[in-house]
Amino acid sequence: MKSTVILISGRGSNMEAIVKANLPIDIRAVIANRPDAKGLGFAAAQGIATAVVDHKAFALREGFDAALAETIGRHRPDYIVLAGFMRVLTEGFIGHFPNRIINIHPSLLPAFPGLHTHRQALAAGVKLHGATVHFVTPRLDHGPIIVQAAVPVLKGDTEDSLAARVLVQEHRIYPMELKWLAEDRLEFMPGDVVQLGGLDVPGQGNNFHLCFPCE
Ligand code: GRF
């Protein structure tokens, strides 16, 4: 069975969705970079090992990443799952776990990397927004895309209403993606494009499309 360690910074609702999905994957620990991360309580109540590597205790990013890598290393996970983990990781850390770190980002990448994605989407006037699960590479929010989900941007949307709509999809696609990992279904194609093996979209075929607004 594949194993993971999940990293969080706060609420941890994505981590919670992953745990509740009862996947055939061994979640060895939930680690936070903040002692007050709310999600730690849920993880501990589920009997999952928890740890805190407080980034404030380190003057340099490299020091924090080294301590984080050591804490993760004790659990020997196959994959590191970033679930609302709000620290930028150094190239050294990422190079330590090639194609073994996964992140969820609340936009349809490559649109709107970085922070305040819902604000960026509203300002750009896009009609479809969403979430992306991707492998982590040193270039922030640019690693190989695994799965995306789109939601409409509605008239009158605020950052909060849009974030809530996207979050529902995050909770759907992250567990789904981890199931594929557990089943060894993700394939790296030339150019580091990731494809899902054995994909069958019943009744949709090449006519599948998603548009909004549409008549
Ligand atoms: C999510 O929208 C995630 O994509 C973003 O921050 C939010 C964290 O939510 N990076 P949670 O901690 O998983 O509830």
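Those residues that are surrounded by fewer than 18 Cβ atoms within 10 Å (Cβ to Cβ) and not hydroxyl-bearing (Ser, Thr, Tyr), I need them from segment 1-23; list them, please.
Met1, Lys2, Gly10, Arg11, Lys20, Ala21, Asn22
In the list Glu170, Glu187, Glu159, which residue meets the criterion of being surrounded by fewer than 15 Cβ atoms within 10 Å (Cβ to Cβ), of a type in the set (Asp, Glu) and within 16 Å of the ligand (Cβ to nearest atom)? Reasoning before the result, please.
On the way: Glu170 fails: surrounded by fewer than 15 Cβ atoms within 10 Å (Cβ to Cβ); Glu187 fails: within 16 Å of the ligand (Cβ to nearest atom).
Sole residue among the options that is surrounded by fewer than 15 Cβ atoms within 10 Å (Cβ to Cβ), of a type in the set (Asp, Glu) and within 16 Å of the ligand (Cβ to nearest atom): Glu159.
Residue by residue through segment 62-82, note down the ones that are at negative phi, part of a loop (DSSP other than H, G, I, E, B) and surrounded by fewer than 17 Cβ atoms within 10 Å (Cβ to Cβ). Write out each step before concluding.
The initial filter retains those residues of segment 62-82 that are at negative phi, namely 62-75, 77-82.
The next check asks that each one be part of a loop (DSSP other than H, G, I, E, B); those that pass are 74-75, 77-78.
Arg74, Asp78, listed by residue number.
Exactly one of these conditions fails for Ile146: (1) outside any helix (DSSP H, G or I); (2) within 16 Å of Gly84 (Cβ to Cβ). Give me its number.
Unmet for Ile146, out of (1) outside any helix (DSSP H, G or I); (2) within 16 Å of Gly84 (Cβ to Cβ): (2).
Go through segment 24-50 residue by residue and tally those that are surrounded by 16 or more Cβ atoms within 10 Å (Cβ to Cβ) and either more than 19 Å from Trp180 (Cα to Cα) or within 16 Å of the ligand (Cβ to nearest atom) (or both). Walk me through it before giving the result.
Just the residues of segment 24-50 that are surrounded by 16 or more Cβ atoms within 10 Å (Cβ to Cβ), to begin with: 25, 27-34, 37, 39-40, 42-43, 48, 50.
Subset that is either more than 19 Å from Trp180 (Cα to Cα) or within 16 Å of the ligand (Cβ to nearest atom) (or both): 27, 29-34, 37, 39-40, 42-43, 48, 50.
Final tally of qualifying residues: 14.
Would you mention how many residues in segment 83-107 are closer than 22 Å to Arg11 by Cβ and crowded, with 17+ Cβ neighbours inside 10 Å? Don't jump to the end; show me each part of the working.
Step one: list which residues in segment 83-107 are closer than 22 Å to Arg11 by Cβ, which gives 83-89, 101-107.
Checking the rest, the ones that are also crowded, with 17+ Cβ neighbours inside 10 Å come to 83-85, 87, 89, 101-107.
Result for segment 83-107: 12.
State yes or no: is Leu109 under 13 Å from the mean Cα position of the chain (by Cα) and either away from the ligand (no atom under 15 Å from the Cβ) or over 26 Å from Ile27 (Cα atoms) (or both)? Give the derivation first.
Values: under 13 Å from the mean Cα position of the chain (by Cα): yes; either away from the ligand (no atom under 15 Å from the Cβ) or over 26 Å from Ile27 (Cα atoms) (or both): yes.
Yes; evaluated as a whole, the condition is true for this residue.
Please tell me if Leu115 is touching a residue at least 40 places away in the same chain (Cβ under 8 Å) and either farther than 17 Å from Gly84 by Cα or in a loop (DSSP other than H, G, I, E, B) (or both). Outline the logic, then answer.
Numbers: touching a residue at least 40 places away in the same chain (Cβ under 8 Å): no; either farther than 17 Å from Gly84 by Cα or in a loop (DSSP other than H, G, I, E, B) (or both): yes.
Judged against the criteria, Leu115 is not a match.
Mind checking which residues of segment 131-152 are out of contact with any Asp or Glu (no Cβ under 9 Å at 6 or more places or on another chain) and free of Cβ contacts under 8 Å to residues at least 40 places away in the same chain? So that I can check it myself, show each step before the final result.
Keep residues of segment 131-152 that are out of contact with any Asp or Glu (no Cβ under 9 Å at 6 or more places or on another chain), which gives 136, 139-142, 145, 148, 150-152.
Residues satisfying the conditions are Arg139, Asp141, His142, Val151.
Name every residue in segment 1-22 that is assigned to a loop (DSSP other than H, G, I, E, B), within 16 Å of the chain's Cα centre (by Cα) and away from the ligand (no atom under 13 Å from the Cβ), in order of residue number. Lay out the reasoning, then the answer.
If we filter segment 1-22 for residues that are assigned to a loop (DSSP other than H, G, I, E, B), which is where we start, we get 1-2, 9-12, 21-22.
Applying the additional criterion that residues be within 16 Å of the chain's Cα centre (by Cα) yields 9-12, 21.
Correct list: Ala21 only.
Each value in this text was obtained by applying a stated rule to the coordinates, not by laboratory testing. None of these values were measured; they are calculated from a predicted model. Cβ: placed from backbone, ideal geometry, glycine included. Neighbour counts: every protein chain shown.
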